[in-house]
Amino acid sequence: ELPIVKGGEIRILTKSGEKAIRLTRAHLEEDAGKSLHEDFQDMSGIDLNRAGTPLLEIVSEPDMGSAEEAVAYAKALYFIIVEEIEICDGNMQEGSFRCDANVSVRRPGAPLGTRAEIKNLNSFRFLERAIEFEAKRQIEILEDGGRIVQETRLYDSDKDETRSLRIKEEAHDYRYFPDPDLPPLVVTEEWIGKIKKSMPESLRVRRDRIVELGLSIQQANQLTASRNTSTVALSLLADAPPKERAMLANWLLGPLSAKLNEENLDIRQSKVSSDQLKALSRRVSDGTVSSSSATTVILPAMWSGEGSPDEIIEKRGLRQLSDAGAIEKIVDQVLAANAKQVEDYRAGKEKAFNSLVGQVMKATQGKANPAQVNEILKRKLAG
């Protein structure tokens, strides 16, 4: 066993910020098939459908301190392997991407404890639940005065528990030996250089570019959840005026994402194009329509094929009322008809102001420019 990669790190985002998870090595193996224990009574089955399939095993250092961090690491690795370099289809149900979790517990400042390895976890949810159960199991044993045995365990998702499979062998017990039928794999610097030139931008680089465009790290992480989404997002946001970028990102992550998920579509199959989104953001920015109308009415209408933002605005009568004189007249009428709310606001009850705004918006059928309504109302109430 000679690793093709040694060292390196993968950075994950945790509740306390960014964290580096060190990589020990990556080496090539052949899948040997798998044992089946669940569907047989008093016996085990052997599934050799994947026997001989190339297998890349990536081993990390014990840098993860919780199930949450382990899942974040696994997801980051999944993105790199499946979305970025495309060497795996990522089908966890079929075992194309699976995790073994080594779990140990210790008191603060103490050396690492004896570990148990949980084999073949084939979903991120199972990975998290298995680690949480195993950590709790080990803590209970130690608090009762027992000791942890180094072993291999399986996770039973039906019972939400781990159970012992076999006592874990030490590395020297595996009896590694070279396979004479496999030719040596020679990795040269020239080969590595060619591969680097052909590789797409990494998740981290894309995420950093989106943050540089003024979005939050949380939004950037969501927008780089897949290669296709990040490609569309970067193209859309880079071309947009800075003041429109947050709005465009919110549409991508909110209503547009919901529609794509609802119809099981990739972002490349979106029924609303990037050009339509940019045209709509311009209409919000120049005050033609409100952000609320754009999100709740125009976006769904574009998805349904009703036309461009301008066509929908005219057809549905959504043009925002921005005539200060017209808004002022309506504000005067609302104030005259709601003397109690006016009195309450001037007595320090802020909720009364929201009620008055609502009355103005109702009177204009939601078409009044909210910023102008707020400004005129505050000026009138202060007088």
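Any read-out appearing in this document is the output of simple, stated calculations on the displayed coordinates, not a laboratory observation. Predicted model only: the values in this text are computed from it and were never measured. Counting neighbours? That spans all protein chains shown, and the Cβs are built from the backbone with ideal geometry, glycine included.
Data table
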quantity: Helix 274-285 vs. the chain, principal-axis angle (Cα, 0 to 90°, nearest 10); calculated: 40
quantity: HN-Hα J in Hz across the range 259-267 - Karplus 6.51, -1.76, 1.60, θ = phi - 60°, x for Gly and Pro; calculated: 5, 4, 5, 4, 9, 6, 10, 7, 4
quantity: The range 12-19 - phi-based ³J(HN,Hα) in whole Hz, Karplus 6.51/-1.76/1.60, Gly and Pro as x; calculated: 10, 9, 10, 4, 9, x, 7, 9
quantity: Choice from G113, G95, G325 showing the highest fluctuation, given a GNM over the chain with Cα pairs closer than 10 Å; calculated: G325
quantity: Reach of K329 by Cα under 23 Å, taken over lysines that are not fewer than 8 positions away in the same chain; calculated: K340, K351, K362, K367, K378, K380
quantity: Formal net charge of residues neighbouring R316 (Cβ-Cβ distance under 14 Å; K, R +1; D, E -1); calculated: 0
quantity: Selected from V284, V334, V59 as most flexible by GNM, with the chain as the system and alpha-carbon contacts under 10 Å; calculated: V334
quantity: Charge sum, other residues only, whose C-beta stays under 13 Å from E244's C-beta, Lys/Arg counted +1 and Asp/Glu -1; calculated: +3
quantity: Dipole of the chain [Lys/Arg +1, Asp/Glu -1 at C-beta], most positive-end residue of L253, P200, M43; calculated: L253
quantity: Dipole moment magnitude, nearest 20 debye, the range 324-382 about Cα centre, only Lys, Arg, Asp, Glu C-beta charged; calculated: 60
quantity: With Cα atoms, 0 to 90° folded angle of helix 351-363 axis to the chain main axis; calculated: 70
quantity: Protection proxy ranking of 209-217, 293-301 - average other beta-carbon atoms within 10 Å, highest first; calculated: 293-301, 209-217
quantity: HN-Hα J in Hz across the range 222-237 - Karplus 6.51, -1.76, 1.60, θ = phi - 60°, x for Gly and Pro; calculated: 5, 6, 10, 6, 8, 4, 5, 4, 5, 5, 5, 4, 5, 4, 5, 6
quantity: Student exercise, the chain dipole from Lys, Arg, Asp, Glu Cβ charges, in Debye to nearest 20; calculated: 2180
quantity: With Cα atoms, 0 to 90° folded angle of helix 124-143 axis to the chain main axis; calculated: 60
quantity: Placed amide H near R25: partners under 5 Å, 5+ positions off or other chain; calculated: G7, V59
